[in-house]
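The values are calculated or read from the model by the stated rules, or taken from the named source; none is laboratory data. What you see is a predicted model; the values in this text were computed from it and never measured. Counting neighbours? That spans all protein chains shown, and the Cβs are built from the backbone with ideal geometry, glycine included. Surface accessibility is based on the protein's heavy atoms, side chains included, excluding ligands, DNA and RNA. Shrake-Rupley method; radii C 1.70, N 1.55, O 1.52, S 1.80 Å.
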Amino acid sequence: LARRIELASSYYATRALLEVYLGNNAARRVLAGQFQRGRGELIEAAIWFSDVRGFTQLSDRTEPARVIEILDAHFDAVAGAVTDNGGEVLKFIGDAVLAIFPLGVDPRAACRQALAATKQAFAALAKLNEDLTARGEGAVKNGVGLHRGRVMYGNIGARNRLDFTVISSSVNEASRLESLCKPLSVRLALSAAFVETAAIQDQVVDLGAQALKGVRAPLQVFTLAT
């Protein structure tokens, strides 16, 4: 019985550790043996990309330990909102977050969950900024891009260092879409594909066709009406 308990404890400890570093879905796949390089599946997903505005200035004027504390609080707000609404955080890239909401059998619901996650994240960040302001520190500002497209979901990397993530032109477009938040003076940039799938045409403002760096065709961009 002791040996059986020891094996079970080891399994649950391994699963918990993988979930912390990879997320629930990716951890489950790795434990099931899906860890070969180049293996994955094509899925349709709502793609989330966000990052912090003015992170370079924040890093320049703030002690590194405090920068990490602020980033952790920011990631708690963003990642918590994503997972609470059925999404999966795949990567923290510096101050940026890449996440997906698999469309599954109900694409409209998945996209609306992604939209709900942005509203929850913005509310959590507003609370964080109240605390920062009370301490005499600057507010954390971020932008979010939401896109819909096909992604390759699986293991990518070197022979001895793999990353369980997504890759596709749609992921690149989501990143470029988010970068438009600053020049367009919005916190949330939505692609036409996302808006159409979510069926929220009556809730958005058309920001026009925008050129994306490295993307041939302009992308029609929207944001939520205030």
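With springs connecting C-alpha atoms under 10 Å apart, model the chain as a Gaussian network and identify which of S169, S59, S179 has the largest mean-square fluctuation. Between S169, S59, S179, it is S59 that shows the largest mean-square fluctuation. For K213, the aspartates and glutamates whose Cα falls under 19 Å of its own Cα, not counting residues fewer than eight places away in the same chain, are D51, E173, E178. In the elastic network of the chain, a GNM with C-alpha springs shorter than 10 Å, the most mobile of A46, A65, A139 is A65. Residues F122, F92, F101 ordered from highest to lowest accessible area at a 1.4 Å probe: F92, F122, F101. For the chain, hydrophobic long helices are taken as DSSP H runs at least 30 Å long by C-alpha position along their axis with mean Kyte-Doolittle hydropathy of 0.0 or more; these are 107-134.
Annotation: K182 carries an accessible surface of approximately 150 Å², with a 1.4 Å probe and no ligand, DNA or RNA atoms counted. Annotation: amide H of L207 within the under-5 Å range of V221, F222, T223, sequence separation 5 or more or interchain, hydrogens built in the peptide plane. Sorting the Cα pairs of the range 180-226 by distance into bins of 5 Å, from 0 upward, gives 5, 22, 33, 24, 12, 3, 0 percent per bin. Each of A116 and A8 was given a label point 7 Å from its Cα along the Cα-to-Cβ line. The distance between the two points is 3.4 nm.
Would you kindly give the portion of the calculated P(r) for the chain that falls above 22 Å, as a percent of all Cα pairs?
Numbers: 14007 of 25425 pairs.
When every Cα pair of the chain is considered, 55 percent fall beyond 22 Å.
For the peptides 81-87, 132-138, the ranking by mean Cβ contacts within 10 Å, running from highest to lowest, is 81-87, 132-138.
By the rule of a C-alpha distance below 18 Å, with chain neighbours fewer than 8 residues away ignored, the lysines paired with K127 are K119, K141.
Taking the range 139-213 on its own, what percent of its Cα-Cα pair distances exceed 21 Å?
Numbers: 1044 of 2775 pairs.
Cα-Cα pairs of the range 139-213 separated by over 21 Å account for 38 percent.
The range 148-204 and the range 49-70 have Cα centres spaced 23 Å apart.
When all protein chains stay in place and ligands, DNA and RNA are ignored, the 1.4 Å accessible-area order of L184, L177, L7, largest first, is L7, L184, L177. With θ taken as phi - 60° and the Karplus curve 6.51 cos²θ - 1.76 cosθ + 1.60 applied, the whole-hertz 3J(HN,Hα) list for the range 198-211 is 6, 6, 10, 4, 7, 10, 10, 10, 7, 9, x, 7, 10, 6 Hz, x standing for glycine and proline. Expressed as a whole percent, the accessible surface of the chain that belongs to carbon and sulfur atoms is 53, based on a 1.4 Å probe.
Over the range 143-212, with the other protein chains present, what is the accessible area per residue in square angstrom, probe 1.4 angstrom? For the range 143-212, the per-residue accessible area is 46 Å².
What value, in deg cm²/dmol to 500, does the helix sum -39500 (n - 2.57) over DSSP H runs of n ≥ 4 give at 222 nm once divided by the residues of the chain?
Numbers: 8 runs with 107 residues, N = 226.
Helix-only estimate at 222 nm: -15000 deg cm²/dmol.
Could you tell me which of V78, A209, A116 has its Cα farthest along the dipole of the range 73-226 towards the positive end, charges placed at Cβ (Lys, Arg +1; Asp, Glu -1), taken about the Cα centre? Going by the charge dipole, the pick is A209. Given a 10 angstrom Cα cut-off, can you work out which residue in E130, E63, E44 is the most mobile in a GNM of the chain? Highest fluctuation of the listed residues: E63.
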